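Worksheet: the structure to be examined is printed underneath.
No value in this document is a laboratory result; all are computed from the given coordinates. Quick caveat: nothing in here was measured; it's all calculated off a predicted structure. Note: ideal-geometry Cβ built from the backbone for every residue, glycine included; neighbour counts use all protein chains shown.
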Amino acid sequence: MREIKWIKENHIAHRGFHSLDKSIPENSLLAFKKAIDYNYSIEMDVNVTKDGKVVVFHDLNLRRLCNIDINLSEVTYEEIKNFHLLNTNEKIPLLTDVLELVKGKVPLLIELKPKGNNKLLCESFIKTMDNYQGEFAVHSFSPSIVYWFKKNHPEIIRGQVTEYFKDDSKINRFIKSLMKRMVFNIFTKPDFVNYGIKDLPNKYADKVYKKGMMVISYCARNKLEFDMVRKHYDNAVFEFFRPEIEEK
C-alpha cells in the first residue's frame, strides 16, 4: 500500500539532523543517528559513482564537503571511501550503510540528484533498495527521474522538487517557467510536490494544493519559516532547529 501520510505528518530532518557549526556533517551517518534519536524522518540525497555505487551525498563535486576538486561521476567508490566530510571523522556513506543503520526505524525521503547518468542512478538505486523493508519515498528536481519511477516502479511514492531557479544561470528561462509552474506533472504524475521555501507562498503551489496535491517545502531553518509553510501547505523539511520545541 502506498501510504504517504507520513510525508505530511512527520518531522523530516533535511540531510539528517546535521549542525550549523558543521561538527555533524550533512548526509552523514552521525546526522542520521541524531535524527533517529529524535524520531525524525530523514531526508537525504543520493548520487552514483562511476562504478554504479549509490552514495549518500548532495553535490556532484567533492570540493565543498571534502576539499577535493573531483566529480563523483569520474571516480569509483573505492577511490573516495576514505575521504572525510568537513574535517570530521565522518565519511561518505553508501546508501547500503544508511539502510543498515536505519532499518525501518524512521521513514526515508530520498532525493535522487540529477545531471549525472540518470539511468545508472535509478537502476542502481532500485537494486540497492530491493530488499529494504522500511518506509521510503523518492523525489527529484529532474522530471525525467520522476517519470522513470512512474513508468518502471509506479508502486514507489514519488515527488517533484521545484523552485523558481532565480540563481541558476545554467537553466534557460523557458525551462525555468515550465518547472516553476510544474507543467511536467502532467506526464510524471507525482504524489507530492516539494517547493523551495524562498519562493513560497505562490500561485502555482496554491493551485496544485487546492486541487488536492500534497505540497511540502525545503527547507525551513527556524520555527517561523516552518510554521509559515504549515499554515499555507502541508509540511516543511527542516534543519538546524527542532520544530517541536517552541522558540522563546
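Among 177, 169, which comes first, second and so on when ranked by fewest other beta-carbon atoms within 10 Å?
169, 177
If you average the sequence gap of Cα pairs under 8 Å that are 6 or more apart and divide by the length of the chain, what percent do you get for the contact order? Don't jump to the answer; show the numbers that get you there.
On the way: 469 pairs, mean separation 42.2, N = 248.
Answer for the chain is 17 percent.
Under the rule a/c < 1.5 gives rounded, and otherwise a/b versus b/c splits prolate from oblate, where does the stretch 18-64 land using the Cα gyration tensor?
Verdict is oblate for the stretch 18-64.
Between the stretch 1-50 and the stretch 173-248, what is the separation of their alpha carbon centroids in Å?
Between the Cα centres of the stretch 1-50 and the stretch 173-248 lies a distance of 17 Å.
To make sure I understand, if each residue's beta carbon is the centre and we count other beta carbons within 10 Å, what order do 96, 188 fall in, fewest to most?
Going from least to most buried by this count: 96, 188.
Just the Cα atoms of the stretch 130-237, one point each, no solvent: what log10 I(q)/I(0) does Debye give at q = 0.13, 0.14, 0.16 Å⁻¹?
Per q value, in the given order, log10 I(q)/I(0) is -0.49, -0.56, -0.73.
What list do you get for 167, 37 if you sort them by fewest beta carbons within 10 Å?
Fewest-to-most ranking of 167, 37: 167, 37.
I want the local charge near residue 202. Using Cβ-Cβ distances under 13 Å, sum +1 for each Lys or Arg and -1 for each Asp or Glu among the other residues.
Details: positive: 166, 180, 181, 198, 203, 207, 210; negative: 163, 199, 206.
Summing Lys and Arg as +1 and Asp and Glu as -1 gives +4.
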